[in-house]
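J.: Dumping the structure here so I can ask a few things about it.
Values in this text are rule-based calculations from the coordinates and carry no lab data. Fair warning: this is a prediction, and the values are worked out from it, not measured in the lab. Every residue, glycine as well, gets a Cβ built from its backbone with ideal geometry; the counts of neighbours run over all protein chains shown.
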Amino acid sequence: MERGLYIVPTPIGNLADITQRAVETLMGVSLIAAEDTRHSRKLLAHYEIETTLCAYHDHVSEQVTEQLLMRMVSGEAVALISDAGTPLVSDPGFRLVRAAQDKKIPVFPLPGPCAAIAALSGAGLPTDRFFFEGFLPSKSQQRRKRLESLQHQTGTLIFYEAPHRIRATLADAVEIMGPEREAVLARELSKTFETIKRDSLVALLSWVEADANQQRGEQVLLIGSAPDQLGTELSERDRQLLFRLGDELPPRKAASIVADVSGLKARVLYDQLINREKK
C-alpha cells in the first residue's frame, strides 16, 4: 500500500455502514491510530482485521504524533479512525493531518459515514447552505452566548449534543432563537431506536421533557435558517424591484442593486430571491 495517512470513516452505529474500500484500507495499512482502541477493537474483530492499533486522541503527546510521522516518512501507511463517523469532524486528528501535510506526506481522505450529513439528509430542512457548529459549550452561559452569535446565521445549523444536555440546549435555543423556529432532533442514527422528528423548537423541548427516552443516545440537533429579515424594513416598491430584477438578472446582481437602494444587506436580499425560486 502506498505510504501516507489514510483518513478512514467508520460506522456511526450500524456496523454494516462501512465501505469495502475502508475495510481493505484498514487491513492493508501497517498501523491504525484510533481515538479509543478498546472501542475500535469491536469493529476490527467484526471484520476480522488484525492490523496493530495505537491510541491517538486530543490528549496524546507530541511525541506520539512524531512517531507516527516518522513511520510514514519511512514508507509506511497509517490509518486514522475515530470512535464513529469521519475523523476530524468533532473528533481528533487535526494536528496529525496538518503535520503530515507539512512533511509532504500524502493524505488520503476516504468518504464515508458522518452523523451531521446523515441527519441533514433526512431532516427535511434546506440543504443548500448549512453551518456545522459541532458541540456547543457545556456551560449554560457560554452556550447561550454562542447561540446568540448564531441566531441570525443563514442556512441550517447543525449541532452535536450529549444526551444529558439536550434538554438544556433546547431550552436555551427556544429562548434565544425563538420558540417557533423550525428544528429537527435526530437521535441514535442508524441504530435500533433511530428517531428523526421535525417541529418547532418549543414543541421539541416539550416532546423531550415528556419522554425521557428522547434524552438518551447520540443526538444531532438541526435548527432552520434565521427567519426572513426583510419584514417591514423593505418597502413594497423595493420588494417589487427586487423580484423584477431577479427575473432578469442573476440573483447576486439583483440583490446587489437593491441593497444599494434599500440599505439592506445584499446577502439577506439574495436569500429572499433564492427562497422565492424554490417555492
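J.: With springs connecting C-alpha atoms under 10 Å apart, model the chain as a Gaussian network and identify which of 215, 153, 240 has the largest mean-square fluctuation.
T.: 240
J.: Report the Cα centroid-to-centroid distance between segment 72-91 and segment 45-60 in angstrom, as an integer.
T.: That distance is 10 Å.
J.: Using just the alpha carbons, could you tell me how many Å³ per residue the convex hull of segment 115-223 encloses?
T.: 83
J.: Take each of the peptides 106-117, 14-25, average the number of other beta-carbon atoms within 10 Å over its residues, and list them starting from the highest.
T.: Values: 106-117: 17.1, 14-25: 14.8.
Top to bottom by mean Cβ count within 10 Å: 106-117, 14-25.
J.: Positive end of the charge dipole of the chain (Lys, Arg +1 and Asp, Glu -1 on Cβ, about the Cα centre): tell me which of 40, 55, 117 has its Cα farthest that way.
T.: The residue sitting most towards the positive pole is 117.
J.: Sticking with this one: Could you give the length gained by full extension between residue 260 and residue 98, i.e. 0.36 nm per residue of separation minus their alpha carbon distance, to one decimal place?
T.: The span from residue 260 to residue 98 would gain 54.1 nm if fully extended.
J.: Taking the simple approach of a point 7 Å from Cα along Cα-to-Cβ for both residue 164 and residue 59, what is their distance in nm?
T.: With each label point 7 Å from Cα toward Cβ, the separation is 1.5 nm.
J.: Taking only C-alpha pairs under 8 Å that are 6+ residues apart, what is the relative contact order of segment 115-223 in percent?
T.: 31
J.: Place the peptides 253-262, 3-12 in order of packing, highest mean first, counting for every residue the other Cβ atoms within 10 Å and averaging per peptide.
T.: 3-12, 253-262
J.: Any of 145/265; 104/139; 42/191; 139/197 with alpha carbons more than 28 Å apart? Name them for me.
T.: The pairs that break the limit, which is 28 Å between Cα atoms, are 104/139.
J.: Students often get this wrong, so try it: which of (1) -0.30; (2) -0.36; (3) -0.23 is log10 I(q)/I(0) by the Debye sum over Cα atoms at q = 0.07 Å⁻¹ as calculated from the structure shown?
T.: (2)
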